[in-house]
Amino acid sequence: MLDKEQTQTALMELFETLLSRYGALNWWPADTPFEVCVGAILTQNTNWGNVEKAIVNLKREGLLSVQALREIDEERLAGLIRPSGFFNVKSARLKEFVVWILQRHGSLEAMFGGDWRLLREELCAVRGIGPETCDSILLYAGEKPSFVVDAYTRRLFSRLGLVRETDDYHRVRALFMDHLPAEVPLFNEYHALIVEQCKRHCRKKPSCEGCPLSHLCTLPAAGSP
């Protein structure tokens with residue numbers, strides 16, 4: 001069992017190894033903070049390629065603003081975001097999100113202006129905004145030091161022996177929140193590097209050849225083609 005200092009050292013060494021291999025990835029791909037929020041909701045249960053198609057549709061129609069999404073008909077919105085899947089559900093979630101912003105805070109800027117920890121509690125209570133979506137909005141749109149955990153994070157760090165695959169979202173997130181400096185650029189880049197590592201090597205069926213972390217992996221297949 002690693003102590004706190006050893007865990008922090010291990011996490012930072014992992015970060016530096018991944019950064020050395022993949023370079024800075026400069027997430028989140030968006031033009032505005034609100035576009036990040038929309039993308040975070042649309043990416044639920046789909047891949048980013050599908051989200052990009054939906055975002056293109058919204059941009060074409062001039063709909064990437066809080067006011068524009070509030071005013072658009074929900075059915076028409078669903079048609080525009082169809083590429084992202086579950087479009088009727090996501091249309092309703094987007095509408096509820098922007099109405100909540102306007103009623104509770106007045107604007108996106110005001111929403112991000114207060115204590116982000118309190119905002120996290122509020123956001124997680126909004127229907128359709130789970131912890132991963134919430135932390136994505138906080139980190140990538142609001143530039144708040146709230147680490148994002150996804151299935152890739154749990155898969156990679158369970159294979160490295162730092163969490164268990166059965167650990168819930170909050171327990172996995174605590175690994176990073178409790179042992180890393182609360183720095184937005186670090187959290188931003190770390191999550192992006194985790195995703196890249198899992199897309200290339202730490203897949204459900206691992207592709208271990210050339211993996212920069214194979215020497216640390218607990219899987220029997222580590223280091224094998």
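The values are calculated or read from the model by the stated rules, or taken from the named source; none is laboratory data. Since this is a predicted model, take the numbers as computed values, not measurements. Positions of Cβ are backbone-derived with ideal geometry, glycine not excepted, and every protein chain shown enters the neighbour counts. The area values use the complete protein model at the heavy-atom level, side chains included, leaving out ligands, DNA and RNA. Shrake-Rupley method; radii C 1.70, N 1.55, O 1.52, S 1.80 Å.
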Connecting every pair of Cα atoms under 10 Å apart in the chain and solving the GNM, the largest mean-square fluctuation among ALA151, ALA54, ALA30 falls on ALA151
To the nearest 10 Å², what's LEU19's accessible area with a 1.4 Å probe?
-> 50
Charge dipole of the chain built from unit charges on the beta carbon (Lys, Arg +1; Asp, Glu -1), centred at mean Cα; most positive-end Cα among TRP100, THR17, CYS198 is CYS198
Among GLY79, GLY114, TYR152, whose Cα lies farthest out toward the positive end of the dipole of the chain, if unit charges sit on the beta carbon of Lys, Arg (+1) and Asp, Glu (-1)?
-> GLY79
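Could you look at segment 132-222 and say what percent of its accessible area is carbon and sulfur, using a 1.4 Å probe and all protein chains?
Details: 1870 of 3980 Å².
For segment 132-222, the apolar C and S fraction of the accessible surface comes to 47 percent.
Within the chain, how many Lys pairs sit with Cα atoms under 25 Å apart, leaving out pairs fewer than 8 places apart on the same chain?
Details: LYS4/LYS144; LYS53/LYS90; LYS53/LYS95; LYS53/LYS199; LYS59/LYS90; LYS59/LYS95; LYS90/LYS144; LYS95/LYS144.
Total qualifying Lys-Lys pairs in the chain comes to 8.
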For LYS205, LYS59, LYS95, write out the residues from largest to smallest accessible area, computed with a 1.4 angstrom probe and no ligands counted.
-> LYS205, LYS59, LYS95
Give the accessible area for ARG203 in Å² (nearest 10); use a 1.4 Å probe, count only protein heavy atoms, and leave out ligands, DNA and RNA.
-> 110
Here the gain from full extension of VAL184 to LEU25, 0.36 nm per residue of separation minus their alpha-carbon distance, amounts to 55.8 nm
[x] 17.2; [y] 11.8; [z] 12.6: which one is mean projected area of the Cα convex hull in nm² as calculated from this entry?
-> [z]
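Before anything else, pin down the relative contact order of the chain: Cα pairs under 8 Å, at least 6 apart, normalised by residue count, whole percent. Don't jump to the answer; show the numbers that get you there.
Numbers: 240 pairs, mean separation 50.4, N = 225.
Once normalised by length, the contact order is 22 percent.
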Going through the DSSP H helices of the chain, which span 15 Å or more along their own axis at the Cα atoms while scoring at least 0.0 as a mean Kyte-Doolittle hydropathy?
-> 87-100
Mean-position separation - Cα centroids, segment 61-89 and segment 151-174, in angstrom | 34
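Roughly speaking, what % of Cα-Cα pairs in segment 140-211 are separated by over 14 Å, rounded to a whole number? List each step's numbers first, then the result.
Details: 1524 of 2556 pairs.
Of the Cα pairs, 60 percent sit more than 14 Å apart.
Taking R0 as 35 Å, what FRET efficiency do you get between ASP115 and LYS205 from their Cβ-Cβ distance, rounded to the nearest 0.05?
Numbers: r = 43 Å, r/R0 = 1.22.
After rounding to 0.05, the efficiency reads 0.25.
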Only helices counted: for the chain, with every DSSP H run of 4 or more residues adding -39500 (n - 2.57) and the sum spread over all residues, [θ] at 222 nm is -16000 deg cm²/dmol
Roll a 1.4 Å probe over the protein chains and send me the accessible area per residue for segment 93-168 in Å².
-> 44
